[in-house]
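Computed from the coordinates by the stated procedures, all read-outs in this text should not be read as laboratory data. This structure is a prediction, so every number in the text was calculated from the model and none was measured. Cβ atoms come from the backbone with ideal geometry, glycine included; neighbour counts cover every protein chain shown.
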Ligand SMILES: Cc1cc2nc3c(=O)[nH]c(=O)nc-3n(C[C@H](O)[C@H](O)[C@H](O)COP(=O)(O)O)c2cc1C
Ligand code: SF4
Ligand code: SF4
């Protein structure tokens with residue numbers, strides 16, 4: 001009988017093979033409804049962010065649009081009452097890429113929004129490495145928004161330090177992305193915001209063009225399940241926990257209870273939000289028998305300060 005270790009090893013080999021950067025493009029330009037305005041006044045930026053990177057981009061986009069005299073609401077997506085969406089002239093959604101896709105809690109949320117017929121919509125993702133399927137993950141967001149009547153006017157992906165924890169934090173992606181975001185990343189974000197307004201003013205839309213990449217096949221694998229199997233320990237260290245509640249706030253499924261020191265493994269999405277955000281290194285997670293430490297702890301141990309854009313000094 002196959003051992004669990006062999007099974008996980010084989011899955012990793014299949015995953016690596018599927019990661020080969022073969023890509024074609026598949027375009028789908030559906031017949032979108034007419035744009036409801038060419039002069040948006042009220043913008044909603046919905047963001048989901050576990051380690052702060054997507055939030056940083058959402059804030060910067062907000063600053064750029066406020067600088068153009070638009071009224072901007074930036075909201076954490078899961079805190080928003082979905083009924084407000086049709087009140088906006090432009091909706092921008094930003095998420096990280098998790099497991100080669102939009103985080104499942106966010107795609108589930110978006111699937112339940114009301115009709116937004118004719119509303120210009122744009123999507124961006126924060127991602128950790130070049131072969132992370134970031135392009136298709138952002139198309140996935142647009143596809144859901146378009147299915148509700150939204151009209152795609154922008155899409156982009158911004159690379160930064162990957163927050164997927166490994167025991168040594170020394171994978172090639174973690175090393176090569178360590179200095180990101182940088183000035184060029186922030187310029188890319190500024191262009192993204194400006195291009196959206198330009199496009200809307202010209203009445204232009206964009207197509208949702210998926211890359212037909214072999215790594216797209218990874219989404220068909222039960223990645224969350226495989227990772228859950230590989231995480232052989234997940235609990236809270238009573239001696240270190242300072243009862244701050246951060247892990248509870250960050251957990252999308254309310255799977256962790258630091259006061260009882262338990263994690264409901266059935267509910268857990270293996271997003272590492274608890275581990276990555278714990279300020280006391282009190283979340284215990286072992287991956288294939290090796291202890292992990294989180295993103296905050298990684299930044300602290302390596303004395304890394306993430307760059308902030310200039311706009312944050314003046315924009316509120
Ligand atoms: C559970 C998990 C899975 C991830 N999967 C991917 C991935 O498939 N592709 C990728 O490019 N980055 C991946 N990453 C890296 C994140 O997309 C990246 O660090 C992102 O900037 C995190 O955004 P946030 O700080 O807003 O949470 C993953 C990170 C985590 C924690
Ligand atoms: S308990 Fe699981 S789902 Fe909740 S934050 Fe931790 S890793 Fe994510
Ligand atoms: S984030 Fe860490 S310190 Fe805070 S309650 Fe959770 S386990 Fe305890």
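Would you mind ranking 163, 49, 147 so that the residue whose beta carbon has the fewest other beta carbons within 10 Å leads the list?
Working: 163 26, 49 21, 147 13.
Lowest to highest Cβ neighbour count: 147, 49, 163.
Would the stretch 39-134 count as rounded, prolate or oblate if I go by the C-alpha gyration tensor, calling it rounded below 1.5 in a/c and otherwise prolate when a/b exceeds b/c, oblate otherwise? Cα axes put the stretch 39-134 in the oblate bin.
Placing dummy labels 7 Å off each Cα toward the beta-carbon, the span from residue 313 to residue 176 is 3.3 nm. Peptide packing for 88-94, 121-127, 227-233 was compared via the average number of neighbouring C-beta atoms within 10 Å per residue; ordered from the highest value, the list is 121-127, 88-94, 227-233. Report summary: the helix-based calculation at 222 nm, which adds -39500 (n - 2.57) for every DSSP H run with n ≥ 4 and divides by the residues of the chain, gives -9500 deg cm²/dmol. If you sort the three axes of the alpha carbon gyration tensor as a ≥ b ≥ c, you get a/c of 1.5 or more for the chain and a/b above b/c, which makes it prolate.
Ratio to report: Rg/Rh of the stretch 273-316, with Cα atoms as the point set and Rh obtained by the Kirkwood method; give two decimals.
Details: Rg = 14.5 Å, Rh = 12.3 Å.
Ratio value, two decimals: 1.17.
Which of 82, 148 has the fewest other C-beta atoms within 10 Å, and how do the rest follow up to the most? Working shown, then result.
On the way: 82 12, 148 19.
Ranking 82, 148 by Cβ neighbours within 10 Å, fewest first, gives 82, 148.
Rounded, prolate or oblate, given the Cα gyration tensor of the stretch 233-316, with a/c below 1.5 counting as rounded? Prolate, since a/c reaches 1.5 and a/b exceeds b/c. Simple spin-label estimate for residue 204 and residue 41 gives 2.6 nm between the two label positions (7 Å along the Cα-to-Cβ direction from each Cα). As a proxy for reagent exposure, ranking 198, 131, 297 by other Cβ atoms within 10 Å from fewest up yields 198, 131, 297.
In a fully extended conformation the segment linking residue 244 and residue 220 would gain 4.9 nm over its present Cα-Cα distance, using 0.36 nm per residue.
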